[in-house]
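Just below is one structure, and these are the notes that go with it.
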């Protein structure tokens, strides 16, 4: 995944390394999924990681139907737009998918890219669709744990690989029951306090104070301290102000790990219908980091609360059209320059 961290580069030197890294890249263990990795330049730098649900299995000799072929063409085109010169394809399924793999090889070739690896993972073992050498035995090889450096980075971030996408959805879900009632009460109190602050000090001063409070929260999260429930509610309310939300989002450019953690913790404590801005912030941060799985889940939640929340709609269109994390970070850098120069932002 594209990263804004300055940590050492993780090197994937074998098909087994690639298979072992995919759950960390996706944030969960894929099942009945097609995962494609964008590889850039002569050094095969890892770019986008794209995961899609597999269609129902076809007989091995059959070519996939038209809609599946269109999906594969779109995947290959998305990787080309990401700057890929090659890709790696991994099928997670209980069923062999030779027809689908061959169709993707053709789609990639039509986009001018090669496929360095085409692998199948089932029941804890991986095999290759294209390699018959001793490195890829026909009876398969056991899937190992992720490369040590990748595992260490995940531990440092406080991230764990979840068992499925549904587990990721649950990990980012809104509070329910009594917790939702408590969250609503805190949000109402924070909203009243925010309104009073704006009336007393003026909008500009209130925004600056909200950004300063968010900075303090970020500092604390960076040192392993979780925000209080009241502080999380205050942040969620302040993010309804577009100027506050946009300035906080620019922190992903240099404090990405802490900001992701802060946004996740605030989102988990914010009940609907107040959660669209904080979930959209979480999606924006995840997107800029190249974490499409988190971005999609957070956007689903934001849009379920407010289908017309403009930034969430814009980010959904960007994800669906293959806008790269690099472009998202460029947009955030432009936003930061506008904030610092005092120019109005569009």
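Please treat every number below as a calculation from the coordinates, not as lab data. As the structure is a computational prediction, the values presented were derived from the model and not from experiment. Cβ atoms come from the backbone with ideal geometry, glycine included; neighbour counts cover every protein chain shown.
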**Study point:** Average Cα contact separation per residue, segment 15-163, under 8 Å, 6 or more apart, as relative contact order %
**Key:** 29
Practice item. Kindly provide the Kirkwood hydrodynamic radius of segment 33-136 in Å, to one decimal, from all pairs of distinct alpha carbon atoms. Key: 13.8
Practice item. Measure nothing fancy, just the Cα-based angle from helix 276-288's long axis to the longest principal axis of the chain, in degrees from 0 to 90, nearest 10. Key: 40
Check your understanding: How many nm separate the modelled label positions at residue 209 and residue 196, each set 7 Å beyond the Cα in the direction of the Cβ?
Key -> 1.0
**Study point:** At 1.002 mPa s and 20 °C, Stokes diffusion of segment 172-341 via Kirkwood alpha-carbon radius, µm² per second
**Key:** 135
Check your understanding: With contacts defined as alpha carbon pairs under 8 Å and 6 or more residues apart, what's the relative contact order of the chain in percent?
Key -> 17
Practice item. State the extension gain, in nm to one decimal, for the chain segment bounded by residue 319 and residue 45, taking 0.36 nm per residue of separation less the distance between their alpha-carbons. Key: 96.6 nm
Exercise for review: Evaluate the distance, in nm, between pseudo-label points positioned 7 Å from the Cα of residue 225 and of residue 170 along their respective Cα→Cβ axes.
Suggested key: 3.2
Check your understanding: In vacuo Debye scattering of segment 15-76, one point per C-alpha: log10 I(q)/I(0) at q = 0.29 Å⁻¹?
Key -> -1.25
Review point. Between residue 144 and residue 114, what length comes free when the chain is fully extended (0.36 nm per residue of separation minus the Cα-Cα distance, one decimal in nm)?
Key: 8.2 nm
